[in-house]
1. What are the GluC sites (Glu not before Pro) within region 357-444 that DSSP puts in a loop, where the Cβ has at most 16 other Cβ atoms within 10 Å?
2. Can you list the residues, at least 5 places off or on another chain, whose amide H is less than 5 Å from the amide H of PHE393, using H built in the peptide plane?
3. Run the quick spin-label model on VAL487 and CYS316: label points 7 Å from Cα toward the beta carbon, then report their separation in nm to one decimal.
4. Treating the Cα atoms of region 366-482 as identical point scatterers in vacuum, please give the log10 of the normalised Debye intensity I(q)/I(0) at q = 0.10, 0.17, 0.18, 0.20 Å⁻¹, two decimals.
5. Could you please put MET179, MET466, MET513 in sequence from largest to smallest accessible area, using a 1.4 Å probe?
6. Report, in listed order, any pair from LYS201/LYS414; LYS196/LYS289; LYS128/LYS414 with a Cα-Cα distance greater than 23 Å.
7. With θ taken as phi - 60° and the coefficients 6.51, -1.76 and 1.60, list the Karplus ³J(HN,Hα) couplings across region 209-214 in order, rounded to whole Hz; mark glycine and proline as x.
Amino acid sequence: MTVLDTPENLTASMETTTSTAGDGVSDSSSDTDLSLRRRRSSTNSAGPVAELSSKIDKLESDVDGKMTMDPGPVAESGTLKSNGKDSGQDKDKVEKRGASDVKFTYRPSVPAHRVLRESPLSSDNIFKQSHAGLFNLCVVVLVAVNSRLIIENLMKYGWLIKTGFWFSSRSLRDWPLLMSCLTLPVFSLAAYLVEKLAYRKYISESIVVFFHVLITSAAVICPVSVILSCESAVLSGVTLMLFACIEWLKLVSYAHTNHDMRAVANSIDKGDALSSTLSADYCRDVSFKSLVYFMVAPTLCYQPIYPRTACVRKGCVVRQFVKLIIFTGFMGFIIEQYINPIVQNSQHPLKGDLLNAIERVLKLSVPNLYVWLCMFYCFFHLWLNILAELLCFGDREFYKDWWNARTVDEPVHKWMVRHVYFPCLRHNVPKGIALIIAFFVSAVFHELCIAVPCHMFKLWAFIGIMFQIPLVVITSYLQDKLRSPMVGNMIFWIMFCILGQPMCVLLYYHDLMNRKGSTESI
């Protein structure tokens, strides 16, 4: 039984029968109110009474609705409660009346509706509610449905995972790629020597820029040439290209940041006003220790000093590492058990039957989405947090809530904003052109990481990234036309899950198989 009323108004409605007149009414109302309030705070209260009191307190603290009953008795109760002398004198009277108040509280004459409220799922109130229960329901449904699909797949096709997925003797022959990966720190050392010479003013700024362009270009060209000259496994080539691209991004940030720090230091020498903290940061010498920390730290943006944590939480590292192993195995299971059979039994999406291509893309979209989400969770959350914990790296915001993005240009990386987009704006480049340049840089590196290991340049990844530019314009137009930000988020997920990655997977797979001249798996 739920009672949505307070006993103060109950005593007010019964004051004509419990009191004679005048002061007697006030004393009766106050005594009843005080007895209930004291009983609520008592640690020896009975279960139903304590539950009722908590509900009454919750109702009284509700500020969203508007009270429709007379609040007079509540004010009288507050006045009496603030009077310590009267409360002390009425202590015995309160204890005697405590049991009798319960039978009045539960009477049917107590009003059940006193506050103006909206339904929890109404448009004005739905986003003010907690949806944790619905989230749990979705998780339960997803686990149940996917468990049934996994069992059905195993019963129909059997265990399709081969030992070659986890370990292949072919990977042992990729030692040129391994040696190329081990030589990548040489480019970081060269960048440090250039910055040291620039700080000591042994070389001019134009020479510094020339050397940095040479070093960063060599950091990408050398691994590309090694991969193209060797018939290595695709996975080994992708790994080397990821390391090379990360090296390039870090070196660009290192050179760009130091160049800007020298420019600010020169402005300080000329008398430009800066705070003492900024002056100390910008006048700091080039440190080899800071470069080494930056090259292994989970960030692409260089700065001399990073926020640091006090210690390494070993338990946290172990938990994250166990999760990394589990989700990596789950990715391997989905790839071997679902994705490989789907792509092997499909036709080229641009050369075969249109309906068949649409069916294959839609069937591939769900397992591909699971793999991408697991990959994101493993790398951007688990692995980067493991590195951050071991290195006491303090800023753990490696990603934002990109799943709530309303346009495809919102999940732009911090490096892209810091070293491409805003530098273009500072050089008076229009915002549209700056956005195109940022997408172009991202498209080039996406294409390198896929096309080079596959030994073919079909530009599918490049076209997919650049296609997002007109998609941004279309999404913005629809959001303004329909006046709903959810439209943009729906378009983002449709392009992300269906028309984006699954299509690229099919295109690259069939082009790779055509290049090899066989139908065997990658």
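1. Answer by residue number: GLU397.
2. Result for PHE393 returns THR309.
3. About 4.3 nm separates the two model spin labels.
4. -0.41, -1.13, -1.22, -1.33
5. Final ranking, largest accessible area leading: MET179, MET466, MET513.
6. Listed pairs above 23 Å: LYS201/LYS414; LYS128/LYS414.
7. The phi angles translate into 4, 4, 5, 5, 4, 5 Hz.
The values are calculated or read from the model by the stated rules, or taken from the named source; none is laboratory data. Given the structure is predicted, the values throughout are model-derived calculations rather than measurements. Virtual Cβ from ideal backbone geometry, glycine too; neighbours counted across all protein chains shown. The accessibility values were calculated without ligands, DNA or RNA, using every heavy atom of the protein model including side chains. Shrake-Rupley method; radii C 1.70, N 1.55, O 1.52, S 1.80 Å.
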